[in-house]
Amino acid sequence: PKAQICGGGAALIEALLKRLTALGGQVQTSTAAEEIVLRNGRVAGVRCSDGHTYTASTIVASCHPKTTLCRLVPTLVRDTLSTEQMRRFRSRGIEAVVTLGATRPVHVGGEARSSFHTADHPQALHDAIRAARCGQLADTLPVWGSLDSEHDKTLAPDGHQVISLLVTGVPQSDGQASDTELQKSVLQRCVKAIQRLDPGFGEQIVASQVYTPAIIEAEYGSTGGTVLHGEHALDQLWSHRPSLALSRHRAAIPGLYLASSGTHPGGGLTGAPGALAAQAILVDTP
């Protein structure tokens with residue numbers, strides 16, 4: 001499909017890094033941002049977990065907007081309106097990401113598919129979401145699948161495939177022990193749903209990895225464990241993403257810009273939030 005990136009997401013990241021370094025930029029990894037430093041009412045840098053402060057007159061934050069405005073910005077200067085709007089911004093994840101290693105793609109109607117879904121009726125999606133909101137796991141989970149190894153041959157050895165699944169209707173869990181059980185239950189329901197399309201596919205699976213909302217939050221820092229940095233709903237899109245006051249990618253603090261999936265136009269591997277934030281910076285730069 002035209003929407004797919006040749007080489008997958010890893011190829012896009014590699015291309016962006018190559019372009020950044022060619023322009024003289026540097027990448028600092030394994031160093032968490034601890035606080036956005038302000039001076040005279042505008043941004044002046046970022047203090048990191050290693051104790052070093054990087055000076056900057058412009059900061060583009062691609063982390064969850066709640067992380068930026070409710071944690072990284074100093075408490076005494078947080079904009080009251082923006083902070084309150086961020087608290088109301090719904091970001092409770094009810095989706096899991098599952099990766100499967102298999103000996104072949106999923107077949108639908110006897111043909112290999114690069115993408116597929118198992119939800120045969122909107123009611124199934126509604127029931128799964130309602131159960132997750134109540135802290136329960138529905139018997140049937142809607143699954144959207146993509147054959148990642150079709151676009152990035154390095155992901156799997158010859159004779160094998162890597163399939164990514166987005167699973168809706170997965171509740172939050174408490175603690176590592178309960179999450180292990182939840183991972184098993186989600187995987188079982190995923191396989192069951194796929195086998196409705198492709199009987200016997202479960203026997204082709206050789207490896208699996210399940211990221212529940214709690215794991216997504218713990219490992220990737222996405223508040224609430226949502227893969228899209230905020231719920232995609234009519235009242236949280238367009239000029240309401242993440243709020244009316246922040247929809248143009250500018251924070252209330254001069255020099256601070258928002259560019260995560262929690263901003264317009266939303267989640268997905270599009271680069272659009274960053275491009276729009278860059279446009280805002282160009283407009284504001286004398």
Exercise for the section: Filter the range 227-263 down to the residues that are free of Cβ contacts under 8 Å to residues at least 40 places away in the same chain and part of a loop (DSSP other than H, G, I, E, B), then identify the one that is nearest to residue 216 (Cα to Cα). Expected result: 261
Handout entry: Residues (surrounded by fewer than 18 Cβ atoms within 10 Å (Cβ to Cβ) and of a type outside the set (Asp, Glu)) located in the range 178-190
Key = 178, 180, 184, 185, 188
Exercise for the section: Sort through 226, 270 and tell me the only one that's crowded, with 20+ Cβ neighbours inside 10 Å, within 18 Å of the chain's Cα centre (by Cα) and at pLDDT below 95. Expected result: 226
Practice task
Quick one: which residue in 217, 231, 203 is in contact with a helix residue (DSSP H, G or I) (Cβ under 8 Å, 6 or more places away or on another chain) and more than 19 Å from residue 73 (Cα to Cα)?
Solution key: 217
Handout entry: residue 140 touching a residue at least 12 places away in the same chain (Cβ under 8 Å), touching a Pro at 6+ places or on another chain (Cβ under 8 Å) and under 15 Å from residue 189 (Cβ atoms)
Key = no
Practice task
Could you tell me whether the range 71-86 includes any residue that is in contact with a strand residue (DSSP E or B) (Cβ under 8 Å, 6 or more places away or on another chain), among the hydrophobic types (A, V, I, L, M, F, W, C) and within 28 Å of residue 29 (Cβ to Cβ)?
Solution key: yes
Handout entry: Top-ranked residue in the range 117-129 [being assigned to a loop (DSSP other than H, G, I, E, B) and without any contact (Cβ under 8 Å) to a residue 24 or more places away in the chain; ranked as nearest to residue 9 (Cα to Cα)]
Key = 120
Handout entry: Qualifying position, being touching a helix residue (DSSP H, G or I) at 6+ places or on another chain (Cβ under 7 Å), closer than 20 Å to residue 214 by Cα and surrounded by fewer than 19 Cβ atoms within 10 Å (Cβ to Cβ), among 92, 133
Key = 92
Problem - Out of 207, 214, 280, sole residue that is on the phi < 0 side of the Ramachandran plot, assigned to a helix (DSSP H, G or I), among the hydrophobic types (A, V, I, L, M, F, W, C) and in contact (Cβ under 8 Å) with a residue 40 or more places away in the chain - result: 214
Completion exercise
Over the range 155-176, the set of residues in contact (Cβ under 8 Å) with a residue 12 or more places away in the chain and farther than 27 Å from residue 128 by Cβ is 155, 156, 159, 160
Practice task
Identify, from the list 68, 29, 21, 53, the residue that is surrounded by 11 or more Cβ atoms within 10 Å (Cβ to Cβ), β-branched (Val, Ile, Thr) and free of Cβ contacts under 8 Å to residues at least 12 places away in the same chain.
Solution key: 21
Practice task
For residue 114, indicate whether it is more than 19 Å from the chain's Cα centre (by Cα) and within 19 Å of residue 10 (Cβ to Cβ).
Solution key: yes
Completion exercise
By residue number, the members of the range 71-89 that are more than 25 Å from residue 233 (Cβ to Cβ) and surrounded by fewer than 16 Cβ atoms within 10 Å (Cβ to Cβ) are 74, 75, 76, 77
Problem - Residue in the range 130-160 that is farthest from residue 101 (Cα to Cα), counting only those that are in a helix (DSSP H, G or I) and in contact with a Ser or Thr (Cβ under 7 Å, 6 or more places away or on another chain) - result: 150
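The values are calculated or read from the model by the stated rules, or taken from the named source; none is laboratory data. If you're wondering where the values come from, they're calculated on a predicted model, not measured in any experiment. Reconstructed Cβ throughout: ideal geometry from the backbone, glycine too, with neighbour counts over all protein chains shown.
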